[in-house]
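> What follows is a single structure, and I will ask about it in a moment.
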Amino acid sequence: MLPRVILHNAVSLDGRIDGFPIDLQQYYELVSTWKEDATLAGSDTFLKAESEAPPEDDSSLLPPRIDPDDRRPILAVPDSRGRIRSWHYLKSLPYWRGFVALCSRSTPQEYLRYLKERHIDIIIAGEDHVDLRAALLELYSRYGVRVVRVDAGGTLNGLLLSQGLVNEVSVLVYPCLVGGSQESGKGGKGGSGIFVAPGQPAAHSPTSSREIISLKLLATEQLKGDVIWLRYEVLSNADP
Ligand SMILES: NC(=O)c1ccc[n+]([C@@H]2O[C@H](COP(=O)([O-])OP(=O)(O)OC[C@H]3O[C@@H](n4cnc5c(N)ncnc54)[C@H](OP(=O)(O)O)[C@@H]3O)[C@@H](O)[C@H]2O)c1
């Protein structure tokens, strides 16, 4: 079985996810809405934050203490190239009770050893990049994950949406316009939009209904700071 998957993003009125200040307290307070069993986050976010991580000490090699009453979610991160070296820091944060690196058969063996030494669980799915559907199925069967909240940028959002794996899209629309080119994005690869679909046609190309993902409005709410919270159910998927 697949878990229910919710994308939750703060966006500018022109659909950008970077380049404007986000009220993180408000953003994360709303997360309790879904009672998530797992957070699925993109590796680039953590690579950006790697400079905040303190140096690792021997405590990161100790086995984790298991508390059956711990209701916090687990953190799962697709990292097929084995780039994240700040798991010790992520483990020290209060948000998650467990940690899973989503890897593929091309992930370097040295990285898998690094993870095992630190008691980070591993799911191997896919050949090159992580097979996201297979990884979600494994999260469900191995850990009983029924609800996944995705905390990611446009690439991971787009992959999940275009593979028909998303059930709900939640956006906090900020009263600002960031501007910039949709094609190049701020990172130079079109990554700052909320939804970067693989093979997405250029803005001027004719669009067929097949390429559009239809949504049904679930709820709207005006929040502090003129932020509008919109929740949509995904009706049809690009790749059912
Ligand atoms: N405003 C908001 O609400 C919000 C929320 C979260 C993040 N962000 C911003 O979004 C930006 C990037 O976010 P992000 O780290 O989530 O990264 P992202 O750029 O959306 O996606 C990168 C993730 O997708 C995986 N991936 C890439 N190609 C793949 C493929 N073909 N198959 C399977 N997986 C694939 C990568 O795994 P591999 O490493 O294995 O390639 C990586 O984990 C950051 O600048 C962050 O600040 C904004």
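The values are calculated or read from the model by the stated rules, or taken from the named source; none is laboratory data. All of these numbers come straight from a predicted model, not from anything done at the bench. Don't worry about glycine lacking a Cβ; one is built from the backbone with ideal geometry, like all the others, and counts go over all protein chains shown. Remember, those area values only see protein heavy atoms, side chains included, never the ligands or the DNA or RNA. Shrake-Rupley method; radii C 1.70, N 1.55, O 1.52, S 1.80 Å.
> Please state which of the following conditions R72 fails to meet, knowing it meets all the rest: (1) touching a strand residue (DSSP E or B) at 6+ places or on another chain (Cβ under 7 Å); (2) more than 17 Å from L2 (Cα to Cα).
Condition not satisfied by R72: (1).
> Residues of segment 116-131 being part of a loop (DSSP other than H, G, I, E, B) and either in contact (Cβ under 8 Å) with a residue 40 or more places away in the chain or open to solvent by less than 60 Å² (accessible area, probe 1.4 Å) (or both), which ones? Step through it out loud before you land on a result.
Going through segment 116-131, the residues part of a loop (DSSP other than H, G, I, E, B) turn out to be 118-120, 125-131.
If the condition is that a residue be part of a loop (DSSP other than H, G, I, E, B) and either in contact (Cβ under 8 Å) with a residue 40 or more places away in the chain or open to solvent by less than 60 Å² (accessible area, probe 1.4 Å) (or both), then R118, H119, I120, A125, G126, D128, H129, V130 are the ones that fit.
> Which numbered condition trips up S80, out of (1) modelled with pLDDT under 95; (2) in contact with a His (Cβ under 9 Å, 6 or more places away or on another chain)?
Here S80 meets the rest and fails (1).
> Please go through segment 15-43 and pick out each residue that is surrounded by fewer than 16 Cβ atoms within 10 Å (Cβ to Cβ) and among the charged types (D, E, K, R).
D23, E29, K35
> From S12, S59, grab the single residue that is outside the structural domain of D128 (by TED's automatic domain parsing), more than 11 Å from the ligand (Cβ to nearest atom) and not aromatic (F, W, Y). Outline the logic, then answer.
Numbers: S12 fails: more than 11 Å from the ligand (Cβ to nearest atom).
Exactly one of S12, S59 is outside the structural domain of D128 (by TED's automatic domain parsing), more than 11 Å from the ligand (Cβ to nearest atom) and not aromatic (F, W, Y), namely S59.
> Follow-up. Checking the conditions here, which among S106, S92 is modelled with pLDDT under 95 and either in contact with a strand residue (DSSP E or B) (Cβ under 6 Å, 6 or more places away or on another chain) or open to solvent by 40 Å² or more (accessible area, probe 1.4 Å) (or both)? If you could, list the steps in order and put the result at the bottom.
Working: S106 fails: modelled with pLDDT under 95.
Being modelled with pLDDT under 95 and either in contact with a strand residue (DSSP E or B) (Cβ under 6 Å, 6 or more places away or on another chain) or open to solvent by 40 Å² or more (accessible area, probe 1.4 Å) (or both) holds for just one of S106, S92, which is S92.
> Need the failing condition index for S106 against (1) in a loop (DSSP other than H, G, I, E, B); (2) without any contact (Cβ under 8 Å) to a residue 40 or more places away in the chain; (3) under 26 Å from S32 (Cα atoms), just the number.
(3)
> Right, here's the next one. Conditions first: (1) within 13 Å of the ligand (Cβ to nearest atom); (2) in contact (Cβ under 8 Å) with a residue 12 or more places away in the chain. A134 passes all but one, so which condition is the exception?
(2)
> Considering segment 137-163 alone, what residues qualify as being surrounded by fewer than 18 Cβ atoms within 10 Å (Cβ to Cβ) and within 14 Å of the ligand (Cβ to nearest atom)?
Within segment 137-163, just Q163 meets the criteria.
> Out of all the residues in segment 63-89, which are open to solvent by 60 Å² or more (accessible area, probe 1.4 Å), of a type outside the set (D, E, K, R) and in contact (Cβ under 8 Å) with a residue 24 or more places away in the chain? Outline the logic, then answer.
Step one: list which residues in segment 63-89 are open to solvent by 60 Å² or more (accessible area, probe 1.4 Å), which gives 63-69, 71-72, 81, 83, 85.
Retained after the next criterion (residues that are of a type outside the set (D, E, K, R)): 63-64, 66, 68.
Correct list: P63, P64.
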